[in-house]
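Colleague: Quick one: the structure is below, and I'll ask about it shortly.
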Amino acid sequence: MKQAVIETDHLDYGFQKGERILHDINLHVPQGSIYGFLGPNGAGKTTTLRLLLGLLRSENSGIRLFGNPMPGSRIDILKRIGSLIEQPSLYLHLTGRENLEVFRRAYECPASRVGEVLQVTGLSDAAAKKTKAYSLGMKQRLAIAIALLHDPELLIMDEPTNGLDPNGIIEIRELIRDLNRHQGKTVLVSSHLLAEVEKLATHVCIIHQGKLLFQGTLAELQSLQHRHALLEIEVDDVARAEQILSGRFTVFAQSGFTVHVAHAEPDEAASINHMLVGGGVRVSRLCAVGNDLEGLFLQIISA
């Protein structure tokens, strides 16, 4: 197992009113990985990232970055991290280059870094343009350029493709790949876009309602996906369908007229259809949805 850049040991977090946001989160982010931190909105992703960066104070001391405790070694650790949490903070009345110059001076980086990060993020031609005229995708790339100024070893990005059009999503995806493959950056990227993470990540963590449900390589997740396919079935009586199938299969009843059924063998789809029809349930549609991460995600969070 590769050395972990980020580790958490039974990480918990809750607000003062007693509401628990995170429950026993144990992360292991290998060095050199693109770690996809997946979960629906409200799952606890941003809270976790804020704790990792010391923006929130955890109730336990089980956070280690580069092998060092956080927040005990916070200043030294943060010098090795670049981050983009939620919306980028930019000076819209300044040009892209001027924005970078402001942060370069704050970080005390060499002047040459401005041109270097502009080139890496594909913004050299737009460097003299006012940031207010940038597209959302360009603003995201400029925010990433700022995060790269001090040449960090680790990048932490919260929903970097949120709100982007398809072209902007592709640009950010390719930029993250380049930073990982050619610049040696370890990248932790949170997202609720499962298909997008599948195209990008080497390792995946799934979090739901503040609980870690899965952690491993993308290949391990896809292996789990193949072992447990999922059928989406439209019926005229969901309650009856669940009653018929629940003794033999794992059934995730949905609202309306749809149920999801986990099955292990391809020929079990025919058996499921036969059981429903024989039990007086009309089946109007039956299709496999286990061939993508979304189908697997549905199984995991419903377990």
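Colleague: All but one of (1) touching a Phe, Trp or Tyr at 6+ places or on another chain (Cβ under 7 Å); (2) surrounded by fewer than 19 Cβ atoms within 10 Å (Cβ to Cβ) hold for Asn99; which doesn't?
Modeller: Checking Asn99 against (1) touching a Phe, Trp or Tyr at 6+ places or on another chain (Cβ under 7 Å); (2) surrounded by fewer than 19 Cβ atoms within 10 Å (Cβ to Cβ), the one that fails is (2).
Colleague: Of all strands (runs of 3 or more DSSP E) completely enclosed by the range 1-42, which ones contain at least 1 residues that are at pLDDT 90 or above and small (Gly, Ala, Ser)? Don't jump to the end; show me each part of the working.
Modeller: Details: elements: 4-8, 11-14, 20-25, 28-30, 34-38.
Here the list reads 4-8, 34-38.
Colleague: Hey, another quick one. Tally time: how many residues in the range 201-250 are among the hydroxyl-bearing types (Ser, Thr, Tyr), touching a strand residue (DSSP E or B) at 6+ places or on another chain (Cβ under 6 Å) and farther than 25 Å from Arg173 by Cβ?
Modeller: Going through the range 201-250 one residue at a time, the tally reaches 1.
Colleague: How many residues are surrounded by fewer than 13 Cβ atoms within 10 Å (Cβ to Cβ) and assigned to a strand (DSSP E or B) when one looks only at the range 45-72?
Modeller: Residues meeting the conditions: 0.
Colleague: Checking Ile75 against (1) surrounded by 15 or more Cβ atoms within 10 Å (Cβ to Cβ); (2) β-branched (Val, Ile, Thr); (3) outside any strand (DSSP E or B), only one condition comes out false. Which one?
Modeller: Every condition holds for Ile75 apart from (1).
Colleague: Oh, and also: With (1) out of contact with any Gly (no Cβ under 6 Å at 6 or more places or on another chain); (2) within 17 Å of Gly82 (Cβ to Cβ) as the list, and Leu142 as the residue in question, which single condition is left unmet?
Modeller: Evaluating Leu142 over (1) out of contact with any Gly (no Cβ under 6 Å at 6 or more places or on another chain); (2) within 17 Å of Gly82 (Cβ to Cβ) leaves (1) as the failure.
Colleague: Please go through the range 163-196 and give me each residue that is in a loop (DSSP other than H, G, I, E, B), out of contact with any Pro (no Cβ under 9 Å at 6 or more places or on another chain) and in contact (Cβ under 8 Å) with a residue 24 or more places away in the chain, ordered by number.
Modeller: Kept after step one, since they are in a loop (DSSP other than H, G, I, E, B), are these residues of the range 163-196: 163-165, 182-185, 192-193.
Add one more test, that the residue is out of contact with any Pro (no Cβ under 9 Å at 6 or more places or on another chain), and what stays is 163-165, 182-184, 193.
Gly163, Leu164, Asp165, Gln183, Gly184, Leu193, listed by residue number.
Colleague: Within the range 128-162, track down each residue that is among the β-branched types (Val, Ile, Thr), within 27 Å of Gly39 (Cα to Cα) and outside any loop (DSSP other than H, G, I, E, B).
Modeller: Once the filter is applied, which keeps residues that are among the β-branched types (Val, Ile, Thr), within 27 Å of Gly39 (Cα to Cα) and outside any loop (DSSP other than H, G, I, E, B), the range 128-162 yields Ile144, Ile146, Ile156.
Colleague: What tally of residues in the range 107-126 results from selecting those that are farther than 16 Å from Leu94 by Cα, in a helix (DSSP H, G or I) and among the polar types (S, T, N, Q)?
Modeller: Qualifying residue count, the range 107-126: 2.
Colleague: Return yes when Glu108 is on the phi > 0 side of the Ramachandran plot, assigned by TED's automatic domain parsing to the domain that holds Val187 and among the acidic types (Asp, Glu) and no when it is not.
Modeller: yes
Colleague: Being of a type in the set (S, T, N, Q), under 26 Å from His23 (Cβ atoms), modelled with pLDDT of 90 or more and touching a Leu at 6+ places or on another chain (Cβ under 6 Å): is that true of Thr217 here?
Modeller: no
Colleague: Identify all residues within the range 127-139 that are farther than 18 Å from Ser89 by Cβ and out of contact with any Gly (no Cβ under 6 Å at 6 or more places or on another chain); write none if there are none.
Modeller: Filtering the range 127-139 for residues farther than 18 Å from Ser89 by Cβ gives 127-129.
Once the filter is applied, which keeps residues that are farther than 18 Å from Ser89 by Cβ and out of contact with any Gly (no Cβ under 6 Å at 6 or more places or on another chain), the range 127-139 yields Ala128, Lys129.
Colleague: Could you identify the single residue in Leu194, Leu221 that is among the aliphatic types (A, V, I, L, M) and more than 22 Å from Gly32 (Cβ to Cβ)?
Modeller: Testing whether each residue is among the aliphatic types (A, V, I, L, M) and more than 22 Å from Gly32 (Cβ to Cβ) leaves just Leu194.
Colleague: Does the range 220-269 hold any residues that are of a type in the set (Lys, Arg) and at pLDDT below 80, and which are they? Quick ask: steps written out before the conclusion?
Modeller: Of all residues in the range 220-269, those of a type in the set (Lys, Arg) come to 227, 240, 248.
Residue satisfying the conditions is Arg227 alone.
Colleague: How about the range 14-38: which of its residues are buried (at least 20 other Cβ atoms within 10 Å of the Cβ) and without any contact (Cβ under 8 Å) to a residue 60 or more places away in the chain?
Modeller: none
Colleague: Going by the conditions given, is Asn41 surrounded by fewer than 14 Cβ atoms within 10 Å (Cβ to Cβ), touching a residue at least 60 places away in the same chain (Cβ under 8 Å) and out of contact with any Lys or Arg (no Cβ under 8 Å at 6 or more places or on another chain)?
Modeller: Yes: the conditions hold for Asn41.
Colleague: I'm checking my understanding of the structure. Among residues of the range 188-200 that are among the hydrophobic types (A, V, I, L, M, F, W, C) and at pLDDT below 95, which one is surrounded by the fewest Cβ atoms within 10 Å (Cβ to Cβ)?
Modeller: Per the stated criteria, the residue is Ala195.
The values are calculated or read from the model by the stated rules, or taken from the named source; none is laboratory data. Predicted model, so just to flag it, every value in this text is computed and none were measured. Cβ sites come from the backbone with ideal geometry, for glycine too, and all protein chains shown count toward neighbours.
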